[in-house]
Amino acid sequence: MSEGIDIKKNILEYNDKIAEENKKLFEEKGIFVINLISAPGSGKTTLLEKTVEKLGKDYKLSFLIGDVDTERDAERLKKHNADAYQIITGGTCHLEADMIRKALSHINEKPDFLFIENVGNLVCPASFYLGEHLRVVLVSIPEGEDKPSKYPKAFKTSQVFLITKTDLKEYFGFNIEAIKSDALSLNPRLKIIEISSKNNEGISEWIDFLIQKRKEFLGI
Ligand code: MG
Ligand code: ZN
């Protein structure tokens, strides 16, 4: 009866062990690592394109992009001359720490920031620590306000919550205060930023926040 549970436990224990090794490596090299998780279509890649534009002017950025079977998102970033590598999971609906470890040989050795775009899914990416310093969960306005209560683990394990596509809020009658208070009731320490990649709302706040967090990580 418990065999399935044991297998799952072993997978997660193995994953955590590799994630700790990743984290150690990132610390040695001074790479600040951000893991973005969300449902498909919340605007992760679009936000990363914006991030290349702004943050990429002053810092070296690298990107690992998870997808079940296409290279589209990494191609989008490469159009901005970004150092991006696509991790194709071959059906797996989340990234695992050893996928990150293996992918590191395909990107620059010592970027200032490494962004990991997880596979579009709010469930299991929350259970797989990759060795990141910052976990960011995104919900876009068209997805609705009920995401925190439906996927609590994603909110409990993240440090940042981005509400994206805020330019659409009037059309969807979206109650931003309600989703914020739901998210904060799960995780009172969440940093919340409202983002519209379309009209640049929140982009500077996002960039400044990343720079600040990297400084704290480096102790400077
Ligand atoms: Mg994407
Ligand atoms: Zn999965």
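The values are calculated or read from the model by the stated rules, or taken from the named source; none is laboratory data. The model shown is predicted, which means the values in this text are computed figures rather than measured ones. In this analysis, Cβ positions are derived from the backbone assuming ideal geometry, glycine residues included, and neighbour counts consider all displayed protein chains. The area values use the complete protein model at the heavy-atom level, side chains included, leaving out ligands, DNA and RNA. Shrake-Rupley method; radii C 1.70, N 1.55, O 1.52, S 1.80 Å.
With respect to the conditions (1) within 28 Å of residue 97 (Cα to Cα); (2) more than 16 Å from ligand 1 (Cβ to nearest atom), residue 137 falls short on a single one, namely (2).
Considering only segment 9-42, how many residues are under 20 Å from residue 68 (Cβ atoms) and either at pLDDT 95 or above or within 16 Å of ligand 2 (Cβ to nearest atom) (or both)? Explain how you work it out, then say what you get.
Narrowing segment 9-42 to residues under 20 Å from residue 68 (Cβ atoms): 11, 15, 35-42.
Keeping just the survivors that are either at pLDDT 95 or above or within 16 Å of ligand 2 (Cβ to nearest atom) (or both) gives 11, 15, 35-40, 42.
Here the count works out to 9.
For residue 110, are the conditions met, namely being touching a helix residue (DSSP H, G or I) at 6+ places or on another chain (Cβ under 6 Å) and part of a loop (DSSP other than H, G, I, E, B)? Steps first, please.
Numbers: touching a helix residue (DSSP H, G or I) at 6+ places or on another chain (Cβ under 6 Å): yes; part of a loop (DSSP other than H, G, I, E, B): yes.
Judged against the criteria, residue 110 is a match.
On the stretch given as segment 164-220, residues that are over 26 Å from residue 54 (Cα atoms), buried (at least 17 other Cβ atoms within 10 Å of the Cβ) and among the basic types (Lys, Arg) total 1. Pairing each residue of segment 200-220 that is over 13 Å from residue 59 (Cβ atoms) with any residue that is part of a helix (DSSP H, G or I) and at pLDDT 95 or above, provided the two are 6+ apart or on different chains, yields C-beta distances under 6 Å for 201/166; 203/50. Taking the listed residues 179, 116, the one that is modelled with pLDDT of 95 or more and outside any strand (DSSP E or B) is 179, with no other qualifying.
Residue check: is residue 158 buried (at least 21 other Cβ atoms within 10 Å of the Cβ), under 13 Å from the mean Cα position of the chain (by Cα) and more than 16 Å from ligand 2 (Cβ to nearest atom)? Steps first, answer last, please.
Details: buried (at least 21 other Cβ atoms within 10 Å of the Cβ): yes; under 13 Å from the mean Cα position of the chain (by Cα): yes; more than 16 Å from ligand 2 (Cβ to nearest atom): yes.
When the stated conditions are applied, residue 158 passes them.
Taking segment 99-118 as the range and being open to solvent by less than 10 Å² (accessible area, probe 1.4 Å) and within 16 Å of ligand 2 (Cβ to nearest atom) as the test, the residues that pass are 100, 116, 117, 118. Is it fair to say residue 144 is crowded, with 16+ Cβ neighbours inside 10 Å, of a type in the set (Gly, Ala, Ser) and over 15 Å from residue 190 (Cα atoms)? In short, no.
Yes/no matrix, rows are residues, columns are (1) small (Gly, Ala, Ser); (2) in contact with a Phe, Trp or Tyr (Cβ under 9 Å, 6 or more places away or on another chain); (3) more than 22 Å from residue 209 (Cβ to Cβ):
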site	(1), (2), (3)
77	no, yes, no
81	no, no, yes
85	no, yes, yes
98	no, yes, yes
112	no, yes, no
117	no, yes, no
134	no, yes, no
156	no, no, no
160	no, yes, no
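Matching residues to (1) more than 30 Å from residue 219 (Cα to Cα); (2) of a type in the set (Ser, Thr, Tyr); (3) open to solvent by 20 Å² or more (accessible area, probe 1.4 Å):
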position	(1), (2), (3)
4	yes, no, yes
27	no, no, yes
38	no, yes, no
96	no, no, yes
